[in-house]
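Novice: To start, I am sharing the structure in question, which I have written as structure tokens.
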Amino acid sequence: MPEIDIEKQVEKYWENFRRQLNNEDAEKLDKILEEIEEQFVDPTADNPVKAVDFAKWLNPEPILDVLRPSYSYFKYIKKRLIPRMRFFAYFTISKKKNLWQVYHSLSEEEFVKLGFDSKPNYELLREFVYERIGIEQFPIILRWIVKELNFLLRAKRIELGKRTFQDATDTHSLKHDKESKYSGYYKHSGYKLDKTIDAETGVPLHYQTMEITEDEGKNLIPSQKNVKMCEMREEMRVVDDSYAAFKNIAYSELHGISLYYKIAKNWVYREEGKPGMIKKLYQKYHRCNDFVPGADLDFMLHFLYKKDEYEAVGSYFRNLRMAEYEEHPEGYMDFCHERGGKMEGDIGRMKLTTILDDHPGRRGWKQFLLKAGMTMLSLVFAALIRVQNGIVENLSNVTYIT
């Protein structure tokens, strides 16, 4: 039979089949065929992708349970939250600065792409973003996304969180912002964002918002605890010397995390950190119920940390790092230079391609929380969408999402 006859027979078959369908079934068939024919496109410089066409590929079901506390009737509404979470993902990666602008940027057809039956009313989405989720809950949403990312990447033999980098960056505030503070170090008023990333992929693992004058060193232990909560096995973290407080050093090393930091020129070996002094300090607690005679050095270090002897324990581990630096200075500094280069590039790219720039639209701490949270969520949502659709490179890159 000629090829043209075969094509006519197929066309007649589909015509007869469609005549037997009602309007609702015909629409469902068209949608199924559209999804089968359409394939995920990873945005590139040569082929940028609209944010809505990127966000529609999100499968939010694995992370929806994070919303369970927000709905007493969660199990009855769970399916209806799927398009709302896709809309939220679109909000974060669209680079638009407020929900009203985001809502009106989408046509009814584009809302349907996200899974809605039709264009929802604005109040429904406002309530979902600001009340059911809430700005204060953005870090928790990020943690759920990172946990799911870690689960999916492990199946591809990629392990997140094994090596991490941490650093903080400043942001400007508007003039007369009464909630911001002036920093003599940065020479302007504003706020600060502390972030931890996976060293290999650049995926954000944790973030903390701060006043611009606050010490970022206090964020190290909470960040390491968060990485552990995401079921990652952190083995090494590289930071600058502002994070290298004795308590941070002691906590990291005692929890199996090798902490690397730039050795300051004025640092000297600490006497209280020498093994003999550690043993001497340990003996002072001989009357305690948990004191163990003849304990080894590892036990003594853990014991003294629990007794808040952070300076002695931290000194012991800092002395070891200083010895390592003296023995292999180039190898040691390679870690520090790698972190410096990657974090500088990561932060620079983030300020160019997200809403976290030096042109704040509104005053106040809450506005900074919104911008910081939306920025960090845009990066992990982008990574999750890519991994769910088979992409494992440039995971957090939002440059070519328009």
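Novice: Would you point out the residue of region 158-198, among those that are buried (at least 19 other Cβ atoms within 10 Å of the Cβ), of a type in the set (Gly, Ala, Ser) and outside any strand (DSSP E or B), that is modelled with the lowest pLDDT?
Specialist: In this case the residue turns out to be Ser173.
Novice: Test Lys113 against the criterion of being at pLDDT below 95 and either outside the structural domain of Ile63 (by TED's automatic domain parsing) or surrounded by 15 or more Cβ atoms within 10 Å (Cβ to Cβ) (or both), and give yes or no.
Specialist: No.
Novice: Filter region 138-157 down to residues that are charged (D, E, K, R) and buried (at least 17 other Cβ atoms within 10 Å of the Cβ) and give me whichever is nearest to Ser242 (Cα to Cα).
Specialist: Within region 138-157, the first condition is being charged (D, E, K, R), and the residues that meet it are 143, 147-148, 154, 156-157.
This time we only want the ones that are buried (at least 17 other Cβ atoms within 10 Å of the Cβ), so: 143, 147-148.
On the way: Arg143: 25, Lys147: 28, Glu148: 31 Å.
It comes out as Arg143.
Novice: Condition check: surrounded by fewer than 22 Cβ atoms within 10 Å (Cβ to Cβ) and not acidic (Asp, Glu). Does Ile385 satisfy that? Outline the logic, then answer.
Specialist: Working: surrounded by fewer than 22 Cβ atoms within 10 Å (Cβ to Cβ): no; not acidic (Asp, Glu): yes.
Judged against the criteria, Ile385 is not a match.
Novice: For Ser107, are the conditions met, namely being over 17 Å from Ser378 (Cβ atoms) and not assigned by TED's automatic domain parsing to the domain that holds Leu352? Break it down stepwise before answering.
Specialist: On the way: over 17 Å from Ser378 (Cβ atoms): yes; not assigned by TED's automatic domain parsing to the domain that holds Leu352: yes.
In short, yes.
Novice: Out of Phe335, Phe303, report the one residue that is surrounded by 15 or more Cβ atoms within 10 Å (Cβ to Cβ) and in contact with a helix residue (DSSP H, G or I) (Cβ under 8 Å, 6 or more places away or on another chain). Working first, answer last.
Specialist: On the way: Phe335 fails: in contact with a helix residue (DSSP H, G or I) (Cβ under 8 Å, 6 or more places away or on another chain).
Checking each option against the conditions leaves just Phe303.
Novice: Condition first: surrounded by 19 or more Cβ atoms within 10 Å (Cβ to Cβ) and of a type in the set (Ser, Thr, Tyr). Now tell me which residues in region 217-274 satisfy that.
Specialist: Ser223, Tyr243, Tyr251, Ser252, Tyr260, Tyr261 - these are the residues of region 217-274 that are surrounded by 19 or more Cβ atoms within 10 Å (Cβ to Cβ) and of a type in the set (Ser, Thr, Tyr).
The values are calculated or read from the model by the stated rules, or taken from the named source; none is laboratory data. Because the structure is predicted, anything quoted here is derived from the model rather than measured. So basically every Cβ, Gly included, is an ideal-geometry build from the backbone, and we count neighbours across all protein chains shown.
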